[in-house]
Amino acid sequence: MRRCVLNLTNTVEPRFLVGGESIPITDRADVLECTVEAVPVTTLNPYALAIGDATVAVQLVHGIAAGMIATLSVPRAQVQRRRGLENAQSITEWPLRMVPLADEGNDPWTLTLT
C-alpha cells in the first residue's frame, strides 16, 4: 500500500438559537481510500467485490515501537467500483474506495494508539 486516507466528510452546521448555541454534526459519510499495488485478480479481485456488494475487514497498523503504534480498524467496509488505474514508478496500482459500515452501534471504525 502506498497511500491510505480516511475521509470523515462530516456535515457540521452551526445553530445559533435564542437561548442556545451549538455546532452539531448533522450527517456523516465516511470514506476509506487506499492505493495498493495491483496484484493478480486471483489474489484480490476488487471488481468482484464491488459488483457483489461485498464487505471486507480492513486493519492498518502503523509503527513498531511501543507507545508509537496507531491501528485503524474497519470491521466492515463496502468496496466501491474502481475508478481507473494509477501508475507509480512504472508499477500499476489500484485506487480502492471503501465505505466503512457500522458493525454494531454507530462505530464504523476505531483508531487505537498503543
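Quick notes
- Simple label model, 7 Å out from Cα along Cβ direction - Met1 to Glu86, nm: 1.3 nm
- Given their separation in residues at 0.36 nm each and the Cα-Cα distance between them, Thr9 and Val39 gain 7.8 nm when the chain is fully extended.
- Charge sum, other residues only, whose C-beta stays under 14 Å from Asp30's C-beta, Lys/Arg counted +1 and Asp/Glu -1: -1
- Top of Gln78, Gln89, Gln59 by mean-square fluctuation, Gaussian network on the chain, Cα under 10 Å: Gln89
- For the chain, the Kirkwood estimate of the hydrodynamic radius, built from every pair of different alpha carbons, is 16.3 Å.
- Taking Cys34, Cys4 and counting other C-beta atoms within 10 Å, the order from fewest to most: Cys4, Cys34
- The range 33-64 versus the range 86-114: alpha-carbon centroid distance in Å: 8 Å
- Ascending count of other beta-carbon atoms within 10 Å, so fewest first, for Thr55, Thr11: Thr11, Thr55
- Take 19-27, 69-77 and order them by the average number of nearby Cβ atoms within 10 Å per residue, most first; the result is 69-77, 19-27.
- Leu113-Val61 pseudo-label distance in nm [points 7 Å out on the Cα-to-Cβ vector]: 1.9 nm
- Extension gain (nm, one decimal) between Val99 and Val18, 0.36 nm per residue minus Cα-Cα: 25.4 nm
None of the figures in this text is laboratory data; all of them are computed from the coordinates on show. In this text the structure is predicted, and so the values were computed from the model without any measurement. Virtual Cβ from ideal backbone geometry, glycine too; neighbours counted across all protein chains shown.
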